[in-house]
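K.L.:
Starting off with a structure, shown below.
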Amino acid sequence: MKYAKREAREFAQQNFTGIWAAVPTPFTAELRIDEAGFARNLRHWFEVLEVDGIFVGGKQGEFFSLSVAERKSLFSMAVAGLESLRRPGSVILSCSDQNLDVVLELAHHAEQLGADYIVVHSPVLHFGHDVESTVYEYYRYVAEQVNIGIAMWSHPDAGYLMSPELCLRIATDCPNVVAIKYSVPCDMYTRLSRMSAGKLIVSTASEAEWLDNIVELGWKLYLCSIPPILYQTATDRRIRSYTDLAFQGEVAAARRISASLEPVRRALRDSRPAGTPQAQQKYWQELLGQVGGPVRRPLLNLSAAEREIIKGAFTASGLVP
């Protein structure tokens, strides 16, 4: 590891910044991980689209359909690939799982690889009544077992939302809990952001809210969803542009560029078939010249009719590959 547990927060405050994209896992026609395709995408995301970091092996990456061995292999590919691109430290590895032994096995593997950050989703609690105490103890225990910087993730999929007070308590007591992907209503992430300045990096997955959060809350990290790799091309890096302008204080110019992305946002949103967002997004990747491929069960692949609808929306969005 590059730092001890007590140094994780300071390291993150200085280095965990910019535009981080949640990325899909490409599969071959035989549904194996497409290693060559992943390497090609890595180079495109960093050298062409100029993202600052990637979130690997999460929901977007279909972690739920990967074996533990495959998840470890994907981690290794990501870390080695970024080292070859001279971008070490530009990855956060998702260790989320309902099985705590799997979470810790993946976390230790991430540490051994020399990664700087992992993300751990709050546990799904089907019958939980004392949610606050249960989730506090869950993160406290995970943080105790590793030195690596941990990002929490609270999302309605878990059956509850972590309160701002709970998030801050965990960060206060666990020095290597450094950030949270807080997929909650604006008033909740605003309150946590204002409560936890300097102690916990707060972000949310909504690209449409990213600019406002830079301006109004002083955020420096977009953590993270797929728009940075779907809304941008070699000649059209509007998320990169408006982010840089906002960081420089050029807010009016940043707002003009962000607003111009509305046709792209609408095209992707309105062409998404029910129940299969990953398949739609992988096909959109292919339309952009990236490597996508099929999805694994239990997700559904696209019908021919769905592909035609998505292709029409892509063409109408104005993006040029």
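Computed from the coordinates by the stated procedures, all read-outs in this text should not be read as laboratory data. As the structure is a computational prediction, the values presented were derived from the model and not from experiment. Note that each Cβ is placed from the backbone with ideal geometry, even for glycine, and that neighbours are counted across all protein chains shown.
K.L.:
Determine the alpha carbon to alpha carbon distance for each of Lys5/Lys199; Lys59/Lys282; Lys5/Lys59; Lys59/Lys311; Lys5/Lys220 and list only those over 19 Å. Working shown, then result.
P.N.:
On the way: Lys5/Lys199 14 Å; Lys59/Lys282 13 Å; Lys5/Lys59 27 Å; Lys59/Lys311 24 Å; Lys5/Lys220 22 Å.
Table pairs above 19 Å Cα-Cα are Lys5/Lys59; Lys59/Lys311; Lys5/Lys220.
K.L.:
Continuing with the same structure: As a test of the formula, what do you get for the chain when each DSSP H run with n ≥ 4 contributes -39,500 (n - 2.57) and the sum is divided by the residue count, at 222 nm and rounded to the nearest 500 deg cm²/dmol? Write down the numbers at each step before the final one.
P.N.:
Details: 14 runs with 151 residues, N = 321.
So the calculated ellipticity at 222 nm is -14000 deg cm²/dmol.
K.L.:
Taking Lys181 as the anchor, which aspartates and glutamates have their alpha carbon closer than 17 Å to its alpha carbon, excluding any fewer than eight residues away along the same chain?
P.N.:
Partners within reach: Asp52, Asp97, Asp116, Asp157, Glu165, Glu207, Glu209, Asp212.
K.L.:
What ranking do Asp173, Asp52, Asp244 get, fewest neighbouring Cβ atoms within 10 angstrom at the top? Please report the intermediate quantities before stating the final value.
P.N.:
On the way: Asp173 12, Asp52 20, Asp244 16.
By the 10 Å Cβ count, ascending, the order reads Asp173, Asp244, Asp52.
K.L.:
So, one more: Connecting C-alpha atoms closer than 10 Å in a GNM of the chain, tell me which of Ser94, Ser76, Ser303 has the biggest fluctuation.
P.N.:
Looking only at Ser94, Ser76, Ser303, the biggest GNM fluctuation is shown by Ser303.
K.L.:
Once Rg and Dmax of the Cα atoms in Å is worked out from the coordinates, which option in (1) 19.5, 63; (2) 25.6, 84; (3) 18.8, 54 does it equal?
P.N.:
Label (3) holds the value from this structure.
K.L.:
Okay, moving on. Please report the spacing between the Cα centers of the range 56-126 and the range 250-321 in Å, no decimals.
P.N.:
Centre-to-centre (Cα) distance: 25 Å.
K.L.:
In addition: Starting at the first residue of the range 78-93, write each ³J(HN,Hα) from the Karplus equation 6.51 cos²θ - 1.76 cosθ + 1.60 with θ = phi - 60°, in whole Hz, x for Gly and Pro.
P.N.:
Once rounded to whole Hz, the list reads 5, 5, 5, x, 6, 5, 5, 8, 6, 10, x, x, 9, 9, 10, 9.
K.L.:
Rounded to the nearest 5, what is the percent of antiparallel bridges among the DSSP beta bridges in the chain? Before the final figure, lay out the partial values.
P.N.:
On the way: 2 of 28 bridges.
Around 5 percent antiparallel, to the nearest 5.
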